[in-house]
1. Taking the dipole about the Cα centre of region 1-158, with the C-beta of Lys and Arg at +1 and of Asp and Glu at -1, give me whichever of 143, 116, 45 is farthest to the positive side.
2. Normalized C-alpha radius of gyration of the chain, against 2.2 N^0.38 Å?
3. Mind checking region 1-105 for trypsin sites (Lys or Arg not before Pro) that DSSP puts in a loop (not H, G, I, E or B) and that have at most 15 other Cβ atoms within 10 Å?
4. From Cα pairs below 8 angstrom and at least 6 apart in sequence, can you work out the relative contact order of region 67-170, rounded to a whole percent?
5. Using the alpha-carbon atoms, what tilt in degrees (0 to 90, nearest 10) does helix 29-43 show relative to the longest principal axis of the chain?
6. Under the definition of Cα pairs under 8 Å and six or more residues apart, what whole-number percent is the relative contact order of region 82-230?
7. Mind checking the per residue accessible area of the chain for me, 1.4 Å probe, whole number of Å²?
8. Where the only charges are on Cβ atoms (+1 Lys, Arg; -1 Asp, Glu), what is the dipole of region 1-125 about its Cα centre, to the nearest 20 debye?
Amino acid sequence: IPMKYYSFSKINAKKATYNVVFGERSNGKTYASLKQAVKEYAEQGGSQFAYVRRWKEDITGRRASLLFAGINTNEEVAKLTAGKFAGVHYFASKFYLCNYDENGKPIYSDSDCIGFTMSLSDGEHDKSTSFPNVRTIIFDEFLTNKTYLVNEFVLFMNTVSTIVRRREDVKIYMLGNTVNKFCPYFQEMGLENVAKMKQGTIDVYKYGESKLTVAVEYCASTEEKGNNTT
């Protein structure tokens, strides 16, 4: 049976701190990353995630509230939490595990917060906040055919350091669709082989002088197309 959606199993096996995943649109990279975040919260007793985008408008209002639409529709949350919760609800820059009343209205509490939204263009606002339980950072659509922010790599690393501080238990996932020959991230992180990669392969790089490693996966084509979001 062909694999329908993307799975993180191959890249996770590399045990890298930074995980760069790029490939065709609509193969479920975002879906898989959010599902994994819910799974980790359920299994690790409160392991939270941060969902990062370049622009603030990509993570506010309707766009943010639709992020978990596919996962909620497929009843993934009930499966992952053994029926304790029915879905994920977005409110005021946070995601909560929730149940629904007879009118479909979400019921949730502050103690059920599983994630936060952040944007690089608005990063200064998050600097004074601490995120001690965030163990996964998902930077979605980090590749663009449009414009990158000025000093974008620095802004991204500032966002990462705001969350990570001095901890070593945080994994960073950078998800992208198109491969643009000019990408500040590839240059800054020293990922010089990206342009030559074959689909379905993973390269692992050492990150600077540190012990950190960066795994880069060029996703294999998914055989079947679903109605999934990217």
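The values are calculated or read from the model by the stated rules, or taken from the named source; none is laboratory data. Quantities reported herein were computed from a predicted structural model and do not represent experimental measurements. Positions of Cβ are generated from backbone atoms using ideal geometry, with glycine treated the same way; all protein chains shown enter the neighbour counts. For the accessible areas, the whole protein counts, side chains as well, though only heavy atoms, and no ligand, DNA or RNA atoms are used. Shrake-Rupley method; radii C 1.70, N 1.55, O 1.52, S 1.80 Å.
1. It is 143.
2. 0.99
3. Here the trypsin sites (Lys or Arg not before Pro) that fit, given the DSSP loop and packing criteria, are 4, 14, 15, 25, 84.
4. Reported relative contact order: 18 percent.
5. That works out to roughly 60 degrees.
6. Computed value for region 82-230: 15 percent relative contact order.
7. 52
8. 560
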